[in-house]
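Please read the structure below before turning to the comments.
The values are calculated or read from the model by the stated rules, or taken from the named source; none is laboratory data. Since this is a predicted model, take the numbers as computed values, not measurements. Cβ: placed from backbone, ideal geometry, glycine included. Neighbour counts: every protein chain shown. The accessibility values were calculated without ligands, DNA or RNA, using every heavy atom of the protein model including side chains. Shrake-Rupley method; radii C 1.70, N 1.55, O 1.52, S 1.80 Å.
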Amino acid sequence: MSPLCLLHDVGAPSLGVGGSWCKHWAPPSPVQGRAEGSGRNMPRLPAAAGRAASPAPPQLPDEPVSLQAAPGGLFRLRPGDPFSGPATVVWLAVLALGFALVCEPHENLLLAESTLRRLARRLLGALRLLGPGAEALLRAGHAEALLDRLLPHGQLLFLGEAAAQALEREAPAKALR
Amino acid sequence: MFTAAAEGLLKQAREIPEEELGRFVSHVAALLQGRDAGAEAVDCLQRLHLVVAATKYPRTLDGKFVELLQTVLCSPKYPEQVQVLCAAILREMSPCNELILSCDDVQDTKLLSLISSILLAQGDKKAEVSAVAQRVVKVLEGRLPEGQSFRHILPVLSNVISISPVSLAEEQINVVSKKMVDWLRYASTQQGVPQPSGGFFSNPRARQPGPVTEVDGAIATDFFTVLSLAQHYTEDQWLNMQAFSMLRKWLLCYGGEGLSTPNSDDRSEMDGSVISMVSTTSTSSHLLPPKERLREKAFEYCQRLIEQSNRRALKKADGELQKACLIEAVTILDIICKQDSSYVYRTLSSLKILHSRISGDVAFARALLPLAQFFLNHSETAAVDSDAVYKHLFTEIPAQLFHNPSLAFEFIQFCKDNSQLFTDTSSIFRQSFPNLFKFLAWNSPSLISEFVDLLPFLLDAGTAIEIFHLLLDLPCLTAALDIQLSTSCMPSARSTSLSASEKAACDPAVKPATCLEAFRHPLYKSMFQYLLRVEAAPEDSPERLIPLRQLLGSLASSPRVVQCAETVPVLLELFFSVVAEFADKPLINQLVLLVLQRSDQLYETSAFKDDVYRVLSSQLLTLCKLHPALLVELSKELLEFLASVNNIRNKEALFTHMVWAIGEYMSVSYDKRCTVEQINRFFEALEATLFEITQLRPLASIPNYAPRVITVLMTTLTKLASRSQDLIPRVSLFLSKMRMFVQSPAVTSVYCEEDREEILNRATELMNLLKMPSVAQFVFTPPVDVATTAFQRDANESLPFALRIVSRLLEGGAGFMPG
């Protein structure tokens, strides 16, 4: 199953990356970092999607975007809302984009966080997410290839920096359009 | 992504009409069927993928086209990029009825991986999961053709286990277990050879790969693991990494007695901890059955990871990996020990050493949780006392690391997973609840729902009062933590001469100018210390914190404080609903008094106060209902509360609910001690208050009390009068004056027409009722058993209804009687 689902949400576009679970096929919900709870008026997460969107398009950074200081966190989804079993969501915010990784209860959350950061960094580059224009929407092939390398079939991988770079080198050089 | 162009494209993709889509699909089909499936085909497939993915409800593409996609996928003559996109489109459309794909007889591992990903997305209606599982294991069993790799299909297996662990039969489990043993324990320790670039000048013998290294650069001392570094990796080394990545899941499913799902409660494995009859020493381990052998190798792997995590990584990412590996290793060791308790002794000693190594290092704090879990699960088996571990975890970690959102989340999950530990009041777990609330105070949005689950375990008769105060002061805690964090970030005293602000902080006579100064100021220091305490410590005089609360008011607009304040009403409601289940009468009395007392001592933000009053007032009623006699027992304090008109102005909800409760429950049918004198005392207090708020002073403006205050006071006075009938004339006289009140110019300018009419109507109805005292008595004080019929219980409906009927009767309404 594809862990990638290109989603468009009401507030601001967010790229939902659902991985490492697949009880049934269900499109990952547009995760905008909302804390689930007792159904009362729950306070909203300081979700990146929507809050930080500035009217002017952001400058494309010259150096690779550093995600170490990017806001992120964890929260839990209860069974049935929206997935059939309980899940933990790892999220990361980069400027006005939100990335989310949906984990099963027994998965290693620290690994999920570093995987998400690595994925986000690569996706920002490969999909040109911060550029003007709509290119990102038409690069599903690149996203698929990236996910297949770093999160094959939704499996979190224990990869050091050297291993991740070795994987990158293996990827056949595709002619960039 | 934020641009209008992207929005426009997405809209286009969603709204593309069927006809146009059909034409586009035919065009793509033609491209694919033609010889040249190059860049244009790729581009079109990307667009098609967007169309299929962008709509919420699945698009149905032409059946023939879907077949074509599957053919393209399986045909080797198409470039990989095209195949990947076809697979992506087929997945987006899943579940799909026109699927003819099958993984039987597929030899190519990359293709098998793509096909499996599609089949596993079909919802397992035609046993696709089982078919995929069978095929994958078959391929893993066999010999790998040249140029192929198992790396593509091992993750498929991992996926299969998550969906349906029963898809694998025992022999297949054994086959895979054996392979995993080889991959985990016997992978090559030499670095891989780079793929030959194949140029004229390349010399395959030029570079001999060296051995793999550790994360600190040293040559590897033992077998290959995920923490071994190389420039290029061999096939078996990649499989080593993948096998470890799925090891936890595998052991959870297949490592114990019988089958489990990876997400089932780990505690079900406790029964499976039969001491293995087969020797588990390494020398004879090749005689072990596959499951036990894998367990042994997994044990060795984890021990090696623990040793490797002690090295100082040269790269930051490797350091992060070390921590993740440590957590994983400890968790897997925990699982192994649950499945075979003979491992406990071997594991315990190394984990104790590990604990003493990392307990002082905040960078490794997250690993302390699985460690503590291990000790909780297995200390008893080994008759080892691990209290020091728990004490360190609960007293030090929250205080130091409350601001780490991931640790906060995992810590609270740990508490929830071990909630039975909190039932013992004297235990270190229960006693450290003030520390636990620091996580919530700092990370409210993500942790509020977790705390809703956890709070009931923390509450009992011994902790209720302290937790009540804590909840009301939660935003103060957030502000205090903010200050604590700021002060710890400040550089420590640089020179011998103190700066002016530091001098001010030490001088008790000088008031601190900022919160930061106050932190060290002798007057405020102990208050801060109390608020930031790590253990439960009931406070006898909560008004001690008033100056601190006022000081912290300057941080009331900080987003974190605001978010925390929003969670308090939710928790307060939960608090009362849990306490209602076990509270005895003295505790209820204490809580009512505290509600009244704390209503003056709340953190000063208007939204927060309003929300808290709203919750407290409705909960006050609940408490009165549980223990109506409290009105008599606390009559002195209640009278004081009712006498102050300020209470109406500042805490209207609280006041009106209190008055209503008095009207409802102050009666001899609820408490024999409710004498006529008691009723008269309350009557007089309420009458005085009503008089004060309705008296018309010439040339003075009427303060704008909500009409509800007036009507509730009138109704309660009437109710009391119906029980002590000497008071009836006084009430009637008062009510008769309401017409004058309502029609006076001062009042017409302040209240709207509807409100004045409402007040007047209610006064008239009450007066009419009092003309028939025995009816009034019945209506207002029904005998307790009658009061439990559905009609009576609905307080909102029954009284106004009764009043209206009586009024109609008195006015001799024509046509009221049938016939």
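Table for the structure above
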item	result
Helices (runs of 4 or more DSSP H) lying entirely in the stretch B:318-395 (those with 2 or more residues that are within 14 Å of chain A (Cβ to nearest Cβ) and surrounded by fewer than 23 Cβ atoms within 10 Å (Cβ to Cβ))	B:368-378
Checking B:V181 against (1) modelled with pLDDT of 90 or more; (2) within 13 Å of chain A (Cβ to nearest Cβ), the condition it does not meet	(2)
Only listed residue being buried (at least 22 other Cβ atoms within 10 Å of the Cβ) and modelled with pLDDT under 95, chosen from A:G131, A:G154	A:G154
Matching residues in the stretch B:45-81 - criterion: being open to solvent by less than 20 Å² (accessible area, probe 1.4 Å), part of a helix (DSSP H, G or I), more than 9 Å from chain A (Cβ to nearest Cβ) and out of contact with any Cys (no Cβ under 6 Å at 6 or more places or on another chain)	B:L48, B:V51, B:V52, B:F65, B:V66, B:Q70
Output for the stretch A:112-158, where each listed residue is facing chain B (nearest Cβ under 7 Å), over 14 Å from the mean Cα position of the chain (by Cα) and closer than 20 Å to B:S245 by Cβ	A:A145, A:P152, A:H153, A:Q155, A:L157, A:F158
Tally of residues being more than 11 Å from every other protein chain (Cβ to nearest Cβ) and either over 24 Å from B:L157 (Cα atoms) or touching a Pro at 6+ places or on another chain (Cβ under 6 Å) (or both) across the stretch B:215-250	8
Per-region count, the stretch B:115-127, residues more than 21 Å from B:E80 (Cα to Cα) and away from chain A (no Cβ under 11 Å)	2
Any chance B:S188 is touching a residue at least 12 places away in the same chain (Cβ under 8 Å), open to solvent by less than 10 Å² (accessible area, probe 1.4 Å) and among the hydroxyl-bearing types (S, T, Y)	no
Of all residues making up the stretch B:551-580, the number that are in contact with an Asp or Glu (Cβ under 7 Å, 6 or more places away or on another chain) and either surrounded by fewer than 18 Cβ atoms within 10 Å (Cβ to Cβ) or of a type in the set (S, T, N, Q) (or both)	2
Which numbered condition B:A787 misses (of (1) modelled with pLDDT of 70 or more; (2) open to solvent by less than 50 Å² (accessible area, probe 1.4 Å); (3) within 17 Å of B:Y665 (Cα to Cα))	(1)
Verdict on B:L112 being surrounded by 17 or more Cβ atoms within 10 Å (Cβ to Cβ), more than 10 Å from chain A (Cβ to nearest Cβ) and not polar (S, T, N, Q)	yes
Qualifying positions in the stretch B:10-40 - open to solvent by less than 30 Å² (accessible area, probe 1.4 Å) and within 11 Å of chain A (Cβ to nearest Cβ)	B:L10, B:A13, B:G38
Selection from the stretch A:64-77 of residues that are more than 8 Å from chain B (Cβ to nearest Cβ) and touching an Asp or Glu at 6+ places or on another chain (Cβ under 9 Å)	A:L77
Scan of the stretch B:685-707 for residues that are modelled with pLDDT under 90, open to solvent by 40 Å² or more (accessible area, probe 1.4 Å) and either under 18 Å from B:E664 (Cβ atoms) or part of a helix (DSSP H, G or I) (or both), ordered by number	B:F691, B:E692
Out of A:A136, A:A140, A:A126, sole residue that is touching a His at 6+ places or on another chain (Cβ under 8 Å) and surrounded by 24 or more Cβ atoms within 10 Å (Cβ to Cβ)	A:A140
Residues that are more than 12 Å from B:L713 (Cβ to Cβ) and in contact with a Ser or Thr (Cβ under 9 Å, 6 or more places away or on another chain), drawn from the stretch B:678-700	B:Q678, B:I679, B:N680, B:R681, B:L696
Neighbours by Cβ (under 8 Å, 6+ apart or cross-chain): first from the stretch B:521-543, exposed (fewer than 12 other Cβ atoms within 10 Å of the Cβ); second assigned to a helix (DSSP H, G or I) and among the aliphatic types (A, V, I, L, M)	B:P538/B:I465
The stretch B:762-771 - residue that is over 19 Å from B:I693 (Cβ atoms) and part of a helix (DSSP H, G or I) and, of those, nearest to the chain's Cα centre (by Cα)	B:E765
Which numbered condition B:P155 fails, given (1) within 13 Å of another protein chain (Cβ to nearest Cβ); (2) touching a Phe, Trp or Tyr at 6+ places or on another chain (Cβ under 9 Å); (3) closer than 19 Å to B:N240 by Cα; (4) not acidic (D, E)	(2)
Unmet criterion (only one of (1) of a type in the set (D, E, K, R); (2) within 14 Å of chain A (Cβ to nearest Cβ); (3) more than 25 Å from B:V362 (Cα to Cα)) for B:K416	(3)
Unique match (being over 23 Å from B:L717 (Cβ atoms) and either touching a strand residue (DSSP E or B) at 6+ places or on another chain (Cβ under 6 Å) or surrounded by fewer than 22 Cβ atoms within 10 Å (Cβ to Cβ) (or both)) among B:S606, B:S635, B:S618	B:S606
Considering residues of the stretch B:21-70 that are in contact (Cβ under 8 Å) with a residue 12 or more places away in the chain and acidic (D, E) only, the residue nearest to B:K11 (Cα to Cα)	B:D62
Enumeration of residues in the stretch B:87-109 that are closer than 22 Å to B:S149 by Cα and surrounded by 17 or more Cβ atoms within 10 Å (Cβ to Cβ)	B:A87, B:A88, B:L101, B:C103, B:V106, B:T109
